[in-house]
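Laboratory data are not the source of any read-out in this text; all were calculated from the coordinates shown. Just so we're clear, the structure is a prediction, and the values are computed from it rather than from any experiment. Here Cβ is always computed from backbone atoms with ideal geometry, including for glycine, and neighbour counts include all displayed protein chains.
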Amino acid sequence: MFSEILNFAGLGVQGWGAAQAIIGIINFSEGHSQANAQKKEEGMGKIVGGGIIFAAGTALVPLLSQFIGA
């Protein structure tokens with residue numbers, strides 16, 4: 001039961017990271033088309049941050065079940 005909850009949480013974290021990366025791509029392309037360096041920087045930060053969050057959901061959340069002993 002607990003491992004299923006952790007799997008669901010991992011999917012949620014992956015979805016959140018993917019959504020942040022998509023928002024970052026939109027911000028980056030908007031900044032690129034408007035020649036707005038600040039918007040491009042914000043978009044790139046969201047892309048990288050979303051990728052890190054997605055990777056954490058993929059790699060770290062499943063390890064919690066081993067760490068807790070479930």
For GLY24, work out the one condition from (1) closer than 16 Å to ALA59 by Cα; (2) among the small types (Gly, Ala, Ser); (3) surrounded by 15 or more Cβ atoms within 10 Å (Cβ to Cβ) it doesn't fulfil. (1)
Note on the stretch 17-36: residues aliphatic (A, V, I, L, M) and under 17 Å from GLY49 (Cβ atoms) are ALA18, ALA19, ALA21, ILE22, ILE23, ILE25, ILE26
